[in-house]
1. Contour minus end-to-end for C93 and A302, with contour as 0.36 nm per residue of separation and end-to-end as the Cα-Cα distance?
2. Under the rule of at least 5 residues apart or a separate chain, name every residue whose amide H is placed under 5 Å from the amide H of M213.
3. Assign one of three labels to the chain, namely rounded, prolate or oblate, based on the Cα gyration tensor with a ≥ b ≥ c the square roots of its eigenvalues; rounded applies when a/c is under 1.5, prolate when it is not and a/b is larger than b/c, and oblate otherwise.
4. Using the alpha-carbon atoms, what tilt in degrees (0 to 90, nearest 10) does helix 291-304 show relative to the longest principal axis of the chain?
5. If the reach is capped at under 26 angstrom between alpha carbons, list the lysines near K94, excluding any in the same chain fewer than eight residues apart.
6. Going by how many other beta carbons lie within 10 Å of each one, how would you line up L199, L269, L304, fewest first?
7. Which value, in debye to the nearest 20, gives the size of the charge dipole of the range 3-170 about its Cα centre, when Lys and Arg are +1 and Asp and Glu are -1 at the Cβ?
8. If you plug each phi of the range 120-130 into the Karplus form 6.51 cos²θ - 1.76 cosθ + 1.60 with θ = phi - 60°, what whole-Hz ³J(HN,Hα) values come out, in order, with x for Gly and Pro?
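No lab work stands behind these numbers, since they all come straight from the coordinates. Just so we're clear, the structure is a prediction, and the values are computed from it rather than from any experiment. We place every Cβ from the backbone using ideal geometry, glycine too, and count neighbours over all the protein chains shown.
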Amino acid sequence: MSIEVVSPGLQTTIQDNGRYGWRHMGVPQSGAADLFSFGLANFLHGQSYDSSVLECTLSGPRLRFLKSMQILMTGADMQPEINGKQVAMFIPCKVKPGDELTMHACLVGCRSYIAFSEDLVCDAFMGSNSTYLPAKLGGLNGKALESGDVIPTAGDKTNQVRQLKSVADLRQTFSNEWVFMAMPGPEFDLIDEASKTLLFSATYTVSNDSNRMGSRLVGPDLKIKKTDHMISGPLFPGTLQCPTEGSPILLGADAQTLGGYPRLLQIALVDRHLIGQLRPGDRIKFQKISISEAYEQLQQQALLFPFISNI
C-alpha cells in the first residue's frame with residue numbers, strides 16, 4: 001500500500017487517457033477531462049502517456065504517503081503543500097513515508113492532475129483505468145476517492161523523470177473568460193439566421209448544473225426551427241447540443257454516445273481539453289472556424305507540444 005487518502009477534496013478520481021474504441025457499444029470515452037494537462041503531467045514525469053493520475057476538481061485532496069516516491073502537479077493551481085510547505089506546480093518533488101500532500105481550492109480553472117513515479121494499481125475496464133462515475137467503472141471501485149482509501153502503487157520510475165531547464169512555455173494560462181474555436185455541427189441549420197449570428201457573438205455563462213458529462217450554458221435562447229422527431233445521432237466530447245428550450249449543453253469527457261438534440265457546434269480539438277477547466281460562473285464565447293483551419297491549428301499545437309500526439 002502506498003498512498004492513503006486523508007481527505008478526498010470535492011471530487012478526486014483516477015483517470016488515464018480514456019476508453020477508446022467502444023463508443024459503438026455505448027461506452028463513453030471518459031479519461032482526463034483536460035487531456036493536455038494530463039498528458040503534460042506524464043510527459044514531465046517521464047511516464048507513459050497513458051499512465052493513470054489523480055484528477056482533482058475545484059478543491060483537491062490531502063494524501064499521506066506510505067512509501068517514498070516522486071510526484072508532480074499540473075492543471076489548475078491548487079497551491080499544493082507538502083507538510084505545510086508550498087511546492088511548485090509542474091516540477092517533480094520527492095516525498096517520503098509519512099509526508100502529506102495538501103491540495104487547496106483553485107481560483108481559476110477547475111481541475112488539477114497529480115502524477116506519480118509509480119503506477120497506480122486500480123480497476124481496469126475495457127482497456128482503461130479511467131473512473132466512469134455514472135456506471136461505477138474503473139479507478140478505485142468505480143468511485144471518487146473517499147477518506148480512508150488506500151491506493152496501491154507499483155514499479156518506481158523516478159530515474160526516468162525528464163530534467164528540463166524550464167517548463168514556462170508548457171504552462172497553460174487559465175481564465176474565467178474563454179473563447180473556444182468551433183465548427184458548425186450537423187444540425188446547425190436547424191436554428192434560424194438570427195440564432196446563428198447570436199451563437200458566434202453572444203457570451204454564455206457556465207451554470208452550476210455542470211459536471212464531467214457536460215456543462216449547461218446560460219445565455220440568450222436559440223430559436224430552433226420546428227422539425228419532425230430527430231433520429232438520435234452520435235455525440236462526442238466537445239459537441240454543443242441544444243434542447244428545444246434553447247439552453248445549450250457543452251459535452252465533456254463522460255458524455256453519452258448518442259443523443260436526439262440538435263448538434264449545433266463541435267469544439268475544435270485544439271481547444272477541446274479546455275472544456276475540462278470550465279467552472280460554474282465562467283463565461284464562454286465561440287469563434288467560428290472551418291475544418292481546414294481546425295486541422296492547421298492542431299498541427300501547430302502538435303509541433304509546439306509533441307506529447308499531445310498521443311492523446
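1. 72.5 nm
2. Those lying under 5 Å, H to H, from M213 are D254.
3. Here the chain falls in the prolate category.
4. 20 degrees
5. K67, K85, K157, K165
6. L304, L269, L199
7. 100 debye
8. Computed from phi, the couplings for the range 120-130 are 6, 8, 8, 8, 7, 9, 6, x, 9, 8, 4 Hz.
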